[in-house]
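Undergrad: One structure is given below, represented as structure tokens, and several questions about it will come after.
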Amino acid sequence: MSLSRALPLTLFILLSLFPSAQGTWDIKDPGPQFANKCGTCVSALRNKPKEVQFALYADADNVVWFVITDQRFFDQLIRKSYDGFAVDVVTRDQYTCEERSKSLDGFPKGTLLKPVYQSDLKRTKVATPTGQAVMQVGTLPTAISGKEYELNLVILQDRNICHYNYFYNLQAYRWDLLNMGMYMDTLTYASNADTLHNDRVAGLVRRKQMHFTIPFEKNKSEYSPSDLQPLYDSLRLTDFTIKRIAINAYSSVEGPEARNIELQQKRAQSIVNALQSFQSPSITTDVKASENWVEFLSDVTLTPYAEFAYLDKAEIKRRLADKKTADALEPTLSAHRKALIVLELQRKDGMEGMKEEQIIKAFEEAIANKNVEYAQQLQNTVYARILDDELPSTFLDRLDIPAQRDFAGLLNSRQAFKYFEDPADAYQCYLALQELDRLLPNDGHIKYNLCVLQFHLLTIGGQTIDPLDLKRNIEALRGYGVETPLVTRMLINHNIIMAELDMMKGDYAKKDERIAYIRRNYRSVPMKDRDHLSLAQYFASYANYAFALDVVEPHLADIDVDEDLLFYYLNLTIFDPEKTKKSTYRSTMLNAANKNRPRFCALFDAFSNGGITFQLLDDPYLTKTYCETCR
């Protein structure tokens, strides 16, 4: 989704260079009379509802179109005969790490297309039933063919240049609700487990994650089972099978980068091998290695070498090549050599050797004897094997459960698992839980799961779910023993959905009330990184960027911050020169590059190619980090 953002600072710089510019058609410089000659344009933009957005795009025939989400605002902006638009075509090859095109400091930055004024705009304007409008604003020149380019918008009032706007790409998902989970044995979430393998189901049946850190000794490159035996025993891993392991291995920053990364990969792999020696089942692994620039740039400011935080990476390495300097900073550097490890574990249940027919027979006996606890253990074993692709999902149908009160927990758990594994089954699961609710009308876990499925059915459409009924069902959960934070989380999600419906009706004031409710209440519910990401994306989708930053910023300090959350913060802030010039921002960018260098470098691609915009490289601070990281 391409969002527009006004850049008044850039506008004034361009205007100051305007008189000497060439190829500007009949566009005029308002000069000292800017407030007078551009008053209507400036007032319209200042009062533009944040929900109204606009964009430029070129079709397959190289015709350039202007798109606006509310054509009523177009009529407020373009009022007179010589009010209109021009398009400035900027190409990627104007930005290199070696030399920056001088044209980027003037107006136009690239190739300026002929201005289009009111009569021609109205002649080509096409309105949609939803109130949007598109209109033709030019044709790409043949010289652009084959080049990576972006389209910048120039807004004209009586031929005067009054606003210059580039576009950037910002991810925003309005329907990404906070994760509510579902009750199985306990409340289970669909994004906390199996994260190293797939996202179908998470946090399920006897699985858990453990996070810990292993410091690396400077001259130690390999770890043996005996090195890790005390750790293994202290974590009581003998009761679990390690299913997967993720290691982020960090080196200190002195020395050649390639050698540092190679050493960390070797250390990390030796840890994997040592842990594998404790068990027969193979461990799925994910190992990443990088230099620990994030903590170095932060910690070095507390030493006599604080100026290092402002140097290029190459210059820092050159200075650390001096033994006296390296020795002085060794106490700091030593803390940066470490592995951050995430283990995904599955509790051993003594059923590892049971064959399929043995499981079925044991389950039938447990049901006959009303041994619900053992039946649940067997069912959980089947869940785990389905997750590991050792059994098909249809195997659950062979475990027959009578529709009786005694087995309500088993039936509820099974429908939750079926939904987690394949959300396409949501409606059938919903019908099954409605039957179960009639059997046990006072079971809060069943009613909670019904609400979760109602959310899903409401968001995908196809089934009639009354939003007001859903709200009443949510509020009634407290009376069935469901904890208040869970109810609040659901009410937040209900307001997310209702705000979207208000937006579709054009009731912006009511939508803003709902967003205010969400902002007031989200801090009262437990949230994980993924929840913070979802909420930030939601706020940003309505152009509430300050709200989105409030959600994200408190969670960026740690080197092991969630990758998607970190990149989303960059999406929200990377166009703000007041932030990018700070040394802490450079540290944030280097953390992102360490986690995923191709993804970081792609931020500087054209927004039509999935980047934010390559015009970020107008910022010298961003150019510095980009060139030392991506070149």
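The values are calculated or read from the model by the stated rules, or taken from the named source; none is laboratory data. A quick note: this is a predicted structure, and the numbers were derived from the prediction, not measured. Glycine also receives a Cβ, built like all others from the backbone with ideal geometry; neighbour counts cover every protein chain displayed.
Undergrad: Scan the stretch 261-282 and give yes if some residue there is acidic (Asp, Glu) and in contact (Cβ under 8 Å) with a residue 40 or more places away in the chain, otherwise no.
TA: Quick first cut of the stretch 261-282, residues acidic (Asp, Glu) only: 262.
Adding the requirement that they be in contact (Cβ under 8 Å) with a residue 40 or more places away in the chain leaves none.
Looking through the stretch 261-282, none of the residues is acidic (Asp, Glu) and in contact (Cβ under 8 Å) with a residue 40 or more places away in the chain.
Undergrad: Continuing with the same structure: Counting only residues that are buried (at least 17 other Cβ atoms within 10 Å of the Cβ), among the small types (Gly, Ala, Ser) and either farther than 30 Å from THR213 by Cα or under 16 Å from the mean Cα position of the chain (by Cα) (or both), how many does the stretch 556-607 have?
TA: Of the residues in that region, 3 qualify.
Undergrad: All but one of (1) over 19 Å from ARG79 (Cα atoms); (2) surrounded by 22 or more Cβ atoms within 10 Å (Cβ to Cβ); (3) within 33 Å of the chain's Cα centre (by Cα) hold for GLY138; which doesn't?
TA: Condition (3) is where GLY138 drops out.
Undergrad: Looking only at the stretch 506-524, filter to residues that are surrounded by fewer than 18 Cβ atoms within 10 Å (Cβ to Cβ) and of a type in the set (A, V, I, L, M); which one of those is farthest from LEU556 (Cα to Cα)?
TA: Going residue by residue through the stretch 506-524, those that are surrounded by fewer than 18 Cβ atoms within 10 Å (Cβ to Cβ) are 506-510, 512-513, 516-517, 519-521, 523-524.
Now restrict to residues that are of a type in the set (A, V, I, L, M): 509, 516.
Details: ALA509: 32, ALA516: 24 Å.
Only one residue tops the list, namely ALA509.
Undergrad: Looking only at the stretch 134-169, which residues are outside any loop (DSSP other than H, G, I, E, B), over 20 Å from TYR82 (Cα atoms) and hydrophobic (A, V, I, L, M, F, W, C)?
TA: The first filter runs over the stretch 134-169 and keeps only residues outside any loop (DSSP other than H, G, I, E, B), leaving 134-139, 142-144, 149-157, 160-165, 167-169.
With the extra rule that they be over 20 Å from TYR82 (Cα atoms), the set shrinks to 142-144, 149-151, 167-169.
Passing the criteria: ALA143, ILE144, LEU151, PHE167.
Undergrad: A follow-up question, please. Do you know which residues across the stretch 303-330 are within 21 Å of TYR626 (Cα to Cα) and either aliphatic (A, V, I, L, M) or assigned by TED's automatic domain parsing to the domain that holds LEU590 (or both)? Let's see the steps before the verdict.
TA: Start the filter on the stretch 303-330 by keeping residues that are within 21 Å of TYR626 (Cα to Cα), which leaves 307-318.
Those that are within 21 Å of TYR626 (Cα to Cα) and either aliphatic (A, V, I, L, M) or assigned by TED's automatic domain parsing to the domain that holds LEU590 (or both): ALA309, LEU311, ALA314, ILE316.
Undergrad: Just for the stretch 484-505: of the residues that are touching a residue at least 60 places away in the same chain (Cβ under 8 Å) and over 14 Å from SER541 (Cα atoms), which one is surrounded by the most Cβ atoms within 10 Å (Cβ to Cβ)? If you could, list the steps in order and put the result at the bottom.
TA: As a first pass, look at the stretch 484-505 and keep what is touching a residue at least 60 places away in the same chain (Cβ under 8 Å): 486, 489-490, 492-493, 496-497, 500, 503.
When the remaining residues are screened for being over 14 Å from SER541 (Cα atoms), the result is 486, 489-490, 492-493.
Working: LEU486: 21, ARG489: 24, MET490: 26, ILE492: 24, ASN493: 23.
In this case the residue turns out to be MET490.
Undergrad: For LYS317, indicate whether it is part of a helix (DSSP H, G or I), surrounded by 13 or more Cβ atoms within 10 Å (Cβ to Cβ), at pLDDT 95 or above and not aromatic (Phe, Trp, Tyr).
TA: Details: part of a helix (DSSP H, G or I): yes; surrounded by 13 or more Cβ atoms within 10 Å (Cβ to Cβ): yes; at pLDDT 95 or above: yes; not aromatic (Phe, Trp, Tyr): yes.
The answer is yes for LYS317.
The rows are residues; the columns are (1) part of a helix (DSSP H, G or I); (2) touching a residue at least 60 places away in the same chain (Cβ under 8 Å).
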site	(1), (2)
VAL300	yes, no
GLU344	no, yes
ALA366	yes, no
LYS370	no, no
GLN376	yes, yes
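This table checks each residue for (1) at pLDDT below 90; (2) small (Gly, Ala, Ser); (3) in the same structural domain as GLN454 (by TED's automatic domain parsing).
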position: ALA509; (1), (2), (3): no, yes, yes
position: ILE515; (1), (2), (3): no, no, yes
position: ASN521; (1), (2), (3): no, no, yes
position: LYS528; (1), (2), (3): yes, no, yes
position: LEU535; (1), (2), (3): no, no, yes
position: ALA543; (1), (2), (3): yes, yes, yes
position: VAL552; (1), (2), (3): no, no, yes
position: LEU570; (1), (2), (3): no, no, yes
